[in-house]
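First comes the structure, then the notes that go with it.
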Amino acid sequence: MAAICLESTPNATLALLEDCSKKVGSSISTELVLCDTAWPHFEAGDMTNFSNEICKVIRQSIANNGTPNCIVLEQNSMRVATNTLGDLGVPILSSQMLETPKVLAVAASPSGNLKL
């Protein structure tokens, strides 16, 4: 699962994940989750509700679609939700430029396919 807050970022996010997956020799299946209801809280400087809203949207997606191998919080600002999502039992990674390759290594299944 890749979570984003801005509607302008899905193409770049998916392209980056695909590029990284090719570099490690895996294929991916990415569920993109838009947490746009969180962004106004970020703009207002309300990091508690920003984090809460990200968590709410991600948990709803998991309830509807199942648990992914890992969750990538694609905007660095979203990492405030990392600890709150820790109970999900999957790696929660942020800062796409630094951790996307690690996401792909952590989430690789024995068949070489990923469910993000």
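Read-outs throughout are calculated quantities, based only on the coordinates presented, and are distinct from any laboratory measurement. These figures come from a predicted structure and were not determined experimentally. Reconstructed Cβ throughout: ideal geometry from the backbone, glycine too, with neighbour counts over all protein chains shown.
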Fewest-first ranking of Glu43, Glu74, Glu53, using other Cβ atoms within 10 Å as the exposure measure:
Glu43, Glu53, Glu74
What net charge do the residues around Ala38 carry, taking every other residue with its C-beta under 14 Å from that of Ala38, with Lys and Arg at +1 and Asp and Glu at -1?
-3
Amide H to amide H, which residues 5 or more places from Val33 or on other chains are under 5 Å from it, using H placed in the peptide plane?
Ala2, Ala3, Ile4
Using r as the Cβ-Cβ distance of Ala12 and Met47, and R0 as 22 Å, what FRET efficiency do you calculate, to the nearest 0.05?
0.40
Within-14-Å neighbourhood charge of Arg59 [Cβ basis; K, R +1; D, E -1]
-2
